[in-house]
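First comes the structure, then the notes that go with it.
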Amino acid sequence: MLAAILSFAPGAHAASNPDDGGKYEATKDPAEPANRVVFAGNQFLDRNAVKPVARGYERYVPGRVRRCIHNFTDNLGQPGVTVNDVLQGNFSRAWNTTERFAINTTIGGVGLFDVATDWDRPGHGADFGQTLGVWGIGQGPAVQLPLFGSTNARDSVGSVVGLVTNPVNFVPGGAVATVGMVDGGLGVVDGRAEVLAATDTLEATTVDYYATLRSVQAQRRAAFVAEGKAGLVSDHESSAEAQPKSP
């Protein structure tokens, strides 16, 4: 699918989307008709399965419990963040992430409590899509993936590589596999609950929800790549301390 999208991307023509804010060049959606079909399927699944569960989770699960679940799922993703920090040449971030994982897995009760942030080791995200962007690979055309939603060609490849190379997958033992499956389910519900208010507002106030999400996602990922290039461990670091790279 990705190869087909990339093959006709150079000849694509911009579509007119009222909520795009004139940012079509930033999103590049040559497969828009097909993407909208996938988007409709994703929306059906979201409205009838994921969103109701996320609303129940938000309504009936106490806030402190939700925070522990969020911390737990975030902590299990830290080895993957470390790998991408290293691949990006962000060694100070990699060491910070390693310390976070060690602290929260032990003192933080297998990640249920974010002790590391209180100890001045703030968290950050990193994935293989960001790594590709840090080293100069452009976003490419917009892509709608079943279940995964709005993304682009570069980050689609990054998602596949990230799933295959996640260090947690190489730890033997049935218990680890079970924890991984639980983490995946909890992560989906927790992540959807966190953005319920934002997506509800967008859906209610925009003329073209698909185009708006596509644009927002493109801008979000561009900012994420810029963050990786800056290589800051925390927002308080100066640019001189961070030694930003220009791959």
- Task: Would you kindly derive the ³J(HN,Hα) couplings of the range 134-140 from the backbone phi angles with the Karplus curve 6.51 cos²θ - 1.76 cosθ + 1.60 (θ = phi - 60°), listing them in order in whole Hz, with x for Gly and Pro?
- Result: 4, 8, x, 7, x, 5, x
- Task: Hey, can you grab everything whose amide H is under 5 Å from the amide H of A142? Only 5+ residues off in sequence or another chain; H modelled, so Pro and N-termini drop out.
- Result: D29
- Protein-only accessible surface order, largest first, of K51, K229 at 1.4 Å: K229, K51
- Task: Provide the gained length on full extension for the span F148 to R67, in nm with one decimal, where the gain is 0.36 nm per separating residue minus the Cα-Cα distance.
- Result: 26.8 nm
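How high is the relative contact order of the range 65-109, in percent, with contacts defined as C-alpha pairs under 8 Å that are six or more residues apart?
Details: 22 pairs, mean separation 16.6, N = 45.
Worked out over the range 65-109, it gives 37 percent.
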- Label-point separation, A223 to T205 (7 Å along Cα→Cβ), nm: 1.5
- Note on the structure: For the pair R55 and V37, the simple spin-label estimate (label points 7 Å beyond Cα toward Cβ) gives in nm 3.0
- Task: Measure off 7 Å from each Cα along the Cα-to-Cβ vector at N48 and T106, then give the distance between these two points in nanometres to one decimal.
- Result: 5.0
- Message: So, taking all protein chains as they sit and a 1.4 Å probe, how much accessible area belongs to E227, in Å² rounded to tens?
- Response: 80
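When the accessible area of the range 49-95 is computed with all protein chains present and a 1.4 Å probe, what percentage of it is carbon and sulfur? Don't skip to the end; give the middle numbers.
On the way: 1610 of 2490 Å².
Percent of accessible area from carbon and sulfur atoms in the range 49-95: 65.
What's the extension gain from S234 to V161 if we count 0.36 nm per residue and subtract their Cα-Cα distance? Before the final figure, lay out each step's value.
Numbers: separation 73, 0.36 × 73 = 26.28 nm, distance 2.67 nm.
My answer for the length gained is 23.6 nm.
Please work out how much length the chain gains when fully extended from T117 to V195, using 0.36 nm per residue of separation minus the C-alpha to C-alpha distance, in nm with one decimal.
Numbers: separation 78, 0.36 × 78 = 28.08 nm, distance 2.23 nm.
Gain on stretching T117 to V195: 25.9 nm.
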- Task: With a 1.4 Å probe and every protein chain left in place, tell me how much accessible area I69 has, in Å² to the nearest 10.
- Result: 30
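The values are calculated or read from the model by the stated rules, or taken from the named source; none is laboratory data. None of the values given here were measured: they were computed from a predicted structure. When we count neighbours, we look across all protein chains shown, and the Cβ atoms used for this are built from the backbone with ideal geometry, even at glycine. Each accessible area value is taken on the protein alone, full model and side chains, heavy atoms only, with ligands, DNA and RNA left out. Shrake-Rupley method; radii C 1.70, N 1.55, O 1.52, S 1.80 Å.
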